[in-house]
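Data block below; observations after.
The values are calculated or read from the model by the stated rules, or taken from the named source; none is laboratory data. Quantities reported herein were computed from a predicted structural model and do not represent experimental measurements. Don't worry about glycine lacking a Cβ; one is built from the backbone with ideal geometry, like all the others, and counts go over all protein chains shown. When the accessible area is computed, the model is the full protein with side chains, heavy atoms only, and any ligands, DNA or RNA have been set aside. Shrake-Rupley method; radii C 1.70, N 1.55, O 1.52, S 1.80 Å.
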Amino acid sequence: MKTIVETPETQQHNPETQSRGEFLRSLGMSSAALMAYYCLGTSVSSCKSSDPAPATPTPTTTDGISGTTTGNSINFTVDLTVAANAGLKAAGGSLKVGDVFIANAKSGYVAVARLCTHANQDGLTFRAASDDIACTVHGSVFKTTGAVDKGPAGTALKSYTVTTSNNGNTLTVKA
Ligand code: FES
């Protein structure tokens, strides 16, 4: 029977006494190369990168905004005479303010939660032609009320109350 004498050198190259990572490291592989090796040889679920940001996010504004725009106590006003917000006055216009997405829909101004309920991505865009809200990340579609029209999202967007001042220049958005 052959006897193997363990020395630091034989231990270094004996897979039975080393973890896979130690063995690969002994071959001079970098951490990045090791990760690529593991990802190829195992389920990719733990290796996938996070979802990308949408390609054309609607601009976010802080100009002419007053009040609480994030969290559970949304209550703010939007001055539509400020240039950054003026686009919302046009039919089909939209604006992102804090955690809220506002659109000028056929029924008037509507406001819903800014992040898509599918994967919490900032991909909502208002589609004037179909009078709905689409997510550019995976294709979910919501009604202007926030209800799901098409998945993969399975949960409605939270909707907010929008009131317009008598002169039409100020919106108030409330939870
Ligand atoms: S994050 Fe919107 S559809 Fe997936």
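Tabulated data for the structure shown
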item: Considering residues of the stretch 91-113 that are over 16 Å from Ser130 (Cβ atoms) and of a type in the set (Gly, Ala, Ser) only, the residue farthest from the chain's Cα centre (by Cα); result: Gly108
item: Which numbered condition Phe101 misses (of (1) closer than 25 Å to Thr62 by Cβ; (2) surrounded by 21 or more Cβ atoms within 10 Å (Cβ to Cβ); (3) near the ligand (Cβ under 10 Å from one of its atoms); (4) modelled with pLDDT of 95 or more); result: (3)
item: Flag if Gly87 is free of Cβ contacts under 8 Å to residues at least 12 places away in the same chain, within 18 Å of Gly168 (Cα to Cα) and either open to solvent by 40 Å² or more (accessible area, probe 1.4 Å) or under 23 Å from the mean Cα position of the chain (by Cα) (or both); result: yes
item: Residue that is nearest to the ligand (Cβ to nearest atom) [pool: residues in the stretch 128-142 that are open to solvent by 30 Å² or more (accessible area, probe 1.4 Å) and either within 22 Å of Gly98 (Cβ to Cβ) or among the aromatic types (Phe, Trp, Tyr) (or both)]; result: Val137
item: Checklist (1) basic (Lys, Arg); (2) near the ligand (Cβ under 10 Å from one of its atoms); (3) crowded, with 17+ Cβ neighbours inside 10 Å applied to Lys96, failing item; result: (2)
item: Filtered residue count, the stretch 143-167, keeping only those that are away from the ligand (no atom under 16 Å from the Cβ), free of Cβ contacts under 8 Å to residues at least 40 places away in the same chain and over 19 Å from Lys89 (Cβ atoms); result: 1
item: Residue ID - nearest to Gly67 (Cα to Cα), chosen from residues in the stretch 97-149 that are in contact with a Cys (Cβ under 8 Å, 6 or more places away or on another chain) and of a type in the set (Gly, Ala, Ser); result: Gly123
item: Count of the stretch 143-158 residues which are open to solvent by 40 Å² or more (accessible area, probe 1.4 Å) and farther than 24 Å from Gly87 by Cα; result: 7
item: Residue in the stretch 155-175 that is touching a Ser or Thr at 6+ places or on another chain (Cβ under 7 Å), within 25 Å of Thr68 (Cα to Cα) and among the charged types (D, E, K, R) present; result: yes
